[in-house]
Amino acid sequence: MPNEPHPLPDEIHIEQLDVFTRIGVPEEERANPQRLTVNISFWPYQQTNDLADHIERTVNYSTVAEETKNFMRDRSVSLIETLADQLASHLLKRFPIQKVTI
């Protein structure tokens with residue numbers, strides 16, 4: 001099955017991705033987008049030894065980074081924990097990954 005977890009899945013890291021979002025408890029803090037730096041690790045269903053050097057068989061980390069920037073740009077939340085949870089849920093739904101950490 002293509003979407004069954006592997007016992008030792010490969011891990012991909014996106015480190016120090018700059019994004020802009022509206023975040024903060026007071027409304028004044030959320031009035032303007034703020035720069036955040038995000039680290040993302042995710043575990044695709046497909047292992048690298050199954051890819052046969054074809055990008056379409058893997059999760060393209062460049063696409064994940066762009067999706068993250070777009071998702072964060074449209075948010076306005078009070079807590080960073082809420083934002084991280086929303087992003088993790090979004091990435092799990094959008095890409096064939098079995099686990100993600102933000």
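FYI, it's all coordinate maths here, none of it is from the lab. Small disclaimer: the values here were computed from a predicted structure and weren't measured.
Near S78, the amide H atoms lying under 5 Å from its own belong to G24; only residues 5 or more places off or on other chains count, and H is placed 1.01 Å from N. For the stretch 12-18, backbone phi angles converted through the Karplus equation (6.51, -1.76, 1.60; θ = phi - 60°) give residue-by-residue couplings of 10, 10, 10, 10, 6, 7, 7 Hz, Gly and Pro being listed as x.
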